[in-house]
Amino acid sequence: MSYETLLSTIDQAADLLKKTNNVLIVSHFDADGLSSAIILSSTVYRLNTPFQLRIIDQLDTDIMRNILSNSADTIILADFGSSVSREFLNEKTDKKVIILDHHEIPSKERPKWVLEINPHEHGFNGGTDISSAGLSYLLAKKINENNSDLVRFALAGALGDQQDQGPRRSFTALNSKIVNEGVESGHISVRVRLLLSGSPTTPVVRAIANTTDPYLIGLSGDEQASYEFLKSIGIEPEISGRLRTLAELSEDELRTLASNLVVHILSHGGTAEQAENLYGHDYIYTKDNIIPSIRELSSFLNACGRLDIEWYPIEAFILGKIDQQNVTDIIGKHRQIIAKKLETLQNNIDSIIKGKWINAFKLEDVGDRMMGVITTIALNSGILDKSTVAIGITKSRSKPGYLKISVRALKELVEQGINVGKAIIKTAKKVGGSGGGHDAAGGAQIPEDSEKEFIEEFDNLIDKQISGFYAD
């Protein structure tokens, strides 16, 4: 691994951005993409450089060609680009394109007009070591050390991509380095806590109902059920006619709550690992009283992107206008939708398509922006077989006639040698679509009539990866 060579590439990007006249930033809609967009927009804004910002669902060759026709001198692609840029090897442009991507790289070749910053080229794992928001943060800090106040978005992006894979859901590698720098600068504090949704001022009922990681079957998305659960374990949900907050629980009550949530998880088919994940590291941004928990910030950004209101957090954070009630309402609505769709999946468990290594399901009425998080939680919660790769399928809204594919795998399968990103790139291309990802997760858009072929070919590639017969 070479942190020095990574920083050297970031140096080149910083020099380029300092000299450019105008910039187009294009990023993804999820928590990592929106975090990257906020970091990059804030950085360019502070340079007094004119810029445009686009948030899109997925980058493909048609969108890439449209982006290259933009009037901006410099284009930044965040949270995608490494795969699609290879399709433009022989095309010429007077633009300079900076790619900040942590997904798998299909080949070492790239157009000469592309400056690519990808951890895989420097010996790091883009699935766990650093996200695109982390790369954006390193670039922002290289341009101006005062941009260190953007550290919370670097961590929010990594949490959104579930990179907290260390002990007690902590960060490792480059993410850990970013945490340490944030602590040293006074922007971040770290604590281990019961990882329910919200902050100390969140009502306990809402904190339980809004928790989806781990997913609490029968409680997540249902405040009434959460209220009754608290009553059943001897914790009074209300005081003086209002709901009690997490901060108002005594130490004994917190222990009672934690132990009973563990029992609830295990009694509903959850694993010991899921139960252990109730406690873990949280990262607190010391200068924000509205969303101090960076885990909650990540959830909020993810909710905004998937509810098609991605511009709200971008404007709110850049202009400093964030509203507590809006945050609460957005997170609550997002998690209620997730709970409802997961219930639908549970009630139609027989419709799951099973292969040797995959469990695939199709939800027609799910927006394609929601499918990724539903697939993740369905796998993590045990609704889908954890020893398989989960494939969620729905119609693509951004590309008529296509399907949106979301794929997730747990680290146990990754440790056996699978790489979801590489398999998606190859399979999607074979069926006339496009896609990408990293070792544990990825996505694609494929023609509607290629669904069966995609599933079979993807399952076959995963089998070859596990058997050791698969070559890049």
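The values are calculated or read from the model by the stated rules, or taken from the named source; none is laboratory data. Since we're looking at a predicted model, the values are computed, not measured. Cβ placement follows ideal geometry from the backbone for every residue including glycine, while neighbour counts extend to all protein chains displayed.
Within the range 157-181, the set of residues being within 25 Å of residue 29 (Cα to Cα), assigned to a loop (DSSP other than H, G, I, E, B) and not polar (S, T, N, Q) comprises 161, 164, 171.
Condition check ((1) surrounded by 21 or more Cβ atoms within 10 Å (Cβ to Cβ); (2) within 15 Å of residue 369 (Cα to Cα); (3) not assigned by TED's automatic domain parsing to the domain that holds residue 81) across all residues:
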{"position": "398", "(1), (2), (3)": "no, yes, yes"}
{"position": "405", "(1), (2), (3)": "yes, yes, yes"}
{"position": "417", "(1), (2), (3)": "no, no, yes"}
{"position": "425", "(1), (2), (3)": "yes, no, yes"}
{"position": "432", "(1), (2), (3)": "no, no, yes"}
{"position": "440", "(1), (2), (3)": "yes, no, yes"}
{"position": "453", "(1), (2), (3)": "no, no, yes"}
{"position": "456", "(1), (2), (3)": "no, no, yes"}
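Within the range 263-303, being aromatic (Phe, Trp, Tyr) and either closer than 15 Å to residue 330 by Cβ or surrounded by fewer than 20 Cβ atoms within 10 Å (Cβ to Cβ) (or both) holds for 279, 300.
Of the helices (runs of 4 or more DSSP H) lying entirely inside the range 246-363, the ones with 2 or more residues being modelled with pLDDT under 90 and outside the structural domain of residue 403 (by TED's automatic domain parsing) are found at 272-276, 311-319, 324-347. Here residue 372 clears all of (1) part of a helix (DSSP H, G or I); (2) in contact (Cβ under 8 Å) with a residue 12 or more places away in the chain; (3) farther than 23 Å from residue 300 by Cα except the condition numbered (3). Applying the set (1) within 22 Å of residue 17 (Cβ to Cβ); (2) among the acidic types (Asp, Glu); (3) in contact with a Ser or Thr (Cβ under 8 Å, 6 or more places away or on another chain) to residue 60 leaves exactly one unmet item: (1). Which of the following residues is within 30 Å of residue 92 (Cβ to Cβ) and either touching a helix residue (DSSP H, G or I) at 6+ places or on another chain (Cβ under 9 Å) or part of a loop (DSSP other than H, G, I, E, B) (or both): 136, 189? Only one candidate passes the filter, namely 136. Within the range 82-126, the set of residues being in a loop (DSSP other than H, G, I, E, B) and in contact (Cβ under 8 Å) with a residue 40 or more places away in the chain comprises 82, 83, 102, 103, 104, 106, 123, 124, 125, 126. For residue 360, the conditions (1) under 17 Å from the mean Cα position of the chain (by Cα); (2) crowded, with 24+ Cβ neighbours inside 10 Å are fulfilled apart from (1). Among the residues of the range 205-241, write down those that are more than 21 Å from residue 169 (Cβ to Cβ), touching a residue at least 12 places away in the same chain (Cβ under 8 Å) and of a type outside the set (A, V, I, L, M). 206, 218, 221, 222, 223, 226, 227, 229, 234, 237 - these are the residues of the range 205-241 that are more than 21 Å from residue 169 (Cβ to Cβ), touching a residue at least 12 places away in the same chain (Cβ under 8 Å) and of a type outside the set (A, V, I, L, M).
The residues of the range 239-262 that are at negative phi and either surrounded by fewer than 13 Cβ atoms within 10 Å (Cβ to Cβ) or under 23 Å from the mean Cα position of the chain (by Cα) (or both), listed by number, are 239, 242, 247, 250, 251, 252, 255.
Residue-wise test of (1) assigned by TED's automatic domain parsing to the domain that holds residue 10; (2) surrounded by 19 or more Cβ atoms within 10 Å (Cβ to Cβ); (3) under 21 Å from residue 81 (Cβ atoms).
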{"residue": "123", "(1), (2), (3)": "yes, no, yes"}
{"residue": "131", "(1), (2), (3)": "yes, yes, yes"}
{"residue": "136", "(1), (2), (3)": "yes, yes, yes"}
{"residue": "146", "(1), (2), (3)": "yes, no, no"}
{"residue": "156", "(1), (2), (3)": "yes, yes, yes"}
{"residue": "167", "(1), (2), (3)": "yes, no, no"}
{"residue": "179", "(1), (2), (3)": "no, yes, no"}
{"residue": "182", "(1), (2), (3)": "no, yes, no"}
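Just checking, does the range 393-412 include any residue being in contact with a strand residue (DSSP E or B) (Cβ under 7 Å, 6 or more places away or on another chain), on the phi > 0 side of the Ramachandran plot and in contact (Cβ under 8 Å) with a residue 12 or more places away in the chain? Yes. Is there a residue in the range 60-78 that is surrounded by 23 or more Cβ atoms within 10 Å (Cβ to Cβ), at pLDDT below 95 and either among the hydrophobic types (A, V, I, L, M, F, W, C) or farther than 26 Å from residue 368 by Cα (or both)? Looking for residues that are surrounded by 23 or more Cβ atoms within 10 Å (Cβ to Cβ), at pLDDT below 95 and either among the hydrophobic types (A, V, I, L, M, F, W, C) or farther than 26 Å from residue 368 by Cα (or both), one finds none in the range 60-78, hence no.
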